[in-house]
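Engineer: Sending over a structure as structure tokens; questions will come in a sec.
The values are calculated or read from the model by the stated rules, or taken from the named source; none is laboratory data. As the structure is a prediction and not an experimental result, all values here were calculated from the model. Positions of Cβ are generated from backbone atoms using ideal geometry, with glycine treated the same way; all protein chains shown enter the neighbour counts.
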Amino acid sequence: MPAKPSEDLESIARSGGTLRRMAARVPTYLTDLRENPAWLPMFVLARTMPGRRAHWWTARKVSEAPLASGSMFGNINPRQAADELRTHGIFTGLNLPPEIHKEILKFGYETPCFGNFDRRNEFLASEHADAEKRFNRSIISGHHFERVLNCKAAVAVQQDPLLPAIARHYLGGEAKLITTRTWWSFPTMTATDADLSRASFKFHFDLDDWRMLKFFFYLNDVGSDAGPHVYVRGSHKRRRLKHQLTLVVGHPAEEVLAFYGKDQAITVTGAAGTGFVEDPFGFHMGTLAKREPRFMMEIGFGVSKPSQRRFHGEPVIRG
């Protein structure tokens, strides 16, 4: 029997204790700090509502203007989308044309991905079960990193004029593209009950920038068993004091829903091509893929300089 490999960041994030998870992220934090010293005040203050509100006051206003060219998403008004985002934190109704999401899905099957954020674990999505045996570990996700830029359809979505228009109306005139990524979420038979429990029921918020907006697209059909995305409406603009004064961004579902309201949690399911945009400071989670894999694309906008050392947020893994 092969020796058990060293744990990857995904495994630690899903099964380790708070201190262990934070320790695993230290190399990434130090890299961010060396590259951009302005990262530290953001990391400390952007989790607080006063800090975020102060930064929102610096947003440059955007004048009303028609889109420079036609959008693949049809006649969606970016200002109205931004208004709904301000109210609820999420806007749905962004549907990819069939030829676009089919081409990206084809890319997802034909292009090797990296399991659990680790470039040492490379495999095709169709080889997931064999990859778990080969690498002797459960593999819950598979990311393509910079390879997504080889997919013309993915780049076409990234460059569609509607996305930056919505981002500018919501984030301000400083809004810029900072992330483009595709990844698989896999059902796995090798994870422990503790892994499954923690992966399924942990809401979190993103703390990558002072102000962010993320567009998500399902590239295959996503029902209740394929790991649908869940978002807590309104949690982007009010925050329990306990959730501001903690170093961790993940919290148990029952704790989050008890404060923000169970009726505010929206589960997004849909056919291939279904898209939505959200303020990721609101509590959200990708639930566990139980029976079917989920293939997803994210395009993110922010207001700060993106990391140049790693591909769009790829973690630094020690050793």
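Engineer: Filter the range 91-133 down to the residues that are exposed (fewer than 14 other Cβ atoms within 10 Å of the Cβ) and of a type in the set (Lys, Arg) and list them by number.
Structural biologist: Residues satisfying the conditions are LYS106, ARG119, ARG120, LYS133.
Engineer: If you scan the range 201-232, which residues turn out to be within 24 Å of ASN36 (Cβ to Cβ), among the charged types (D, E, K, R) and touching a strand residue (DSSP E or B) at 6+ places or on another chain (Cβ under 6 Å)?
Structural biologist: Listed by number, the residues that qualify are ASP209, LYS214.
Engineer: When the range 139-152 is examined, which residues are found to be surrounded by fewer than 21 Cβ atoms within 10 Å (Cβ to Cβ) and over 21 Å from ARG310 (Cα atoms)?
Structural biologist: Of everything in the range 139-152, just one residue is surrounded by fewer than 21 Cβ atoms within 10 Å (Cβ to Cβ) and over 21 Å from ARG310 (Cα atoms), namely LYS152.
Engineer: Identify, from the list ARG134, ARG147, the residue that is more than 24 Å from HIS284 (Cα to Cα), charged (D, E, K, R) and without any contact (Cβ under 8 Å) to a residue 12 or more places away in the chain. Steps first, answer last, please.
Structural biologist: Values: ARG147 fails: without any contact (Cβ under 8 Å) to a residue 12 or more places away in the chain.
Result: ARG134 is the single residue among ARG134, ARG147 that is more than 24 Å from HIS284 (Cα to Cα), charged (D, E, K, R) and without any contact (Cβ under 8 Å) to a residue 12 or more places away in the chain.
Engineer: Next question. Just one of THR179, THR192, THR188 is under 15 Å from ALA289 (Cα atoms), buried (at least 18 other Cβ atoms within 10 Å of the Cβ) and at pLDDT below 95; which is it?
Structural biologist: Residue meeting the stated conditions: THR188.
Engineer: Here is a check on your reading of the model: is GLU292 among the acidic types (Asp, Glu) and either over 30 Å from PRO37 (Cβ atoms) or not in a loop (DSSP other than H, G, I, E, B) (or both)?
Structural biologist: In short, yes.
Engineer: For the range 261-284, name all the residues that are part of a loop (DSSP other than H, G, I, E, B) and without any contact (Cβ under 8 Å) to a residue 40 or more places away in the chain.
Structural biologist: Selection gives GLY261 alone.
Engineer: Just checking: which of the helices (runs of 4 or more DSSP H) contained wholly in the range 55-172 hold 2 or more residues that are within 21 Å of the chain's Cα centre (by Cα) and aliphatic (A, V, I, L, M)?
Structural biologist: Of the helices (runs of 4 or more DSSP H) lying wholly inside the range 55-172, those with at least 2 residues that are within 21 Å of the chain's Cα centre (by Cα) and aliphatic (A, V, I, L, M) span 78-88, 98-110, 152-158, 162-171.
Engineer: Something else now. Against the condition farther than 14 Å from VAL230 by Cα and either in contact with a Ser or Thr (Cβ under 8 Å, 6 or more places away or on another chain) or part of a loop (DSSP other than H, G, I, E, B) (or both), how does ALA258 come out, does it pass?
Structural biologist: For ALA258, the condition - farther than 14 Å from VAL230 by Cα and either in contact with a Ser or Thr (Cβ under 8 Å, 6 or more places away or on another chain) or part of a loop (DSSP other than H, G, I, E, B) (or both) - is not met.
Engineer: Would the range 282-289 turn up any residue that is surrounded by fewer than 20 Cβ atoms within 10 Å (Cβ to Cβ), within 21 Å of ARG86 (Cβ to Cβ) and modelled with pLDDT of 95 or more?
Structural biologist: No, there is no match, as no residue in the range 282-289 is surrounded by fewer than 20 Cβ atoms within 10 Å (Cβ to Cβ), within 21 Å of ARG86 (Cβ to Cβ) and modelled with pLDDT of 95 or more.
Engineer: Need the failing condition index for ASN220 against (1) assigned to a strand (DSSP E or B); (2) modelled with pLDDT of 95 or more; (3) surrounded by fewer than 22 Cβ atoms within 10 Å (Cβ to Cβ); (4) not charged (D, E, K, R), just the number.
Structural biologist: Going through (1) assigned to a strand (DSSP E or B); (2) modelled with pLDDT of 95 or more; (3) surrounded by fewer than 22 Cβ atoms within 10 Å (Cβ to Cβ); (4) not charged (D, E, K, R) one by one, ASN220 breaks only (1).
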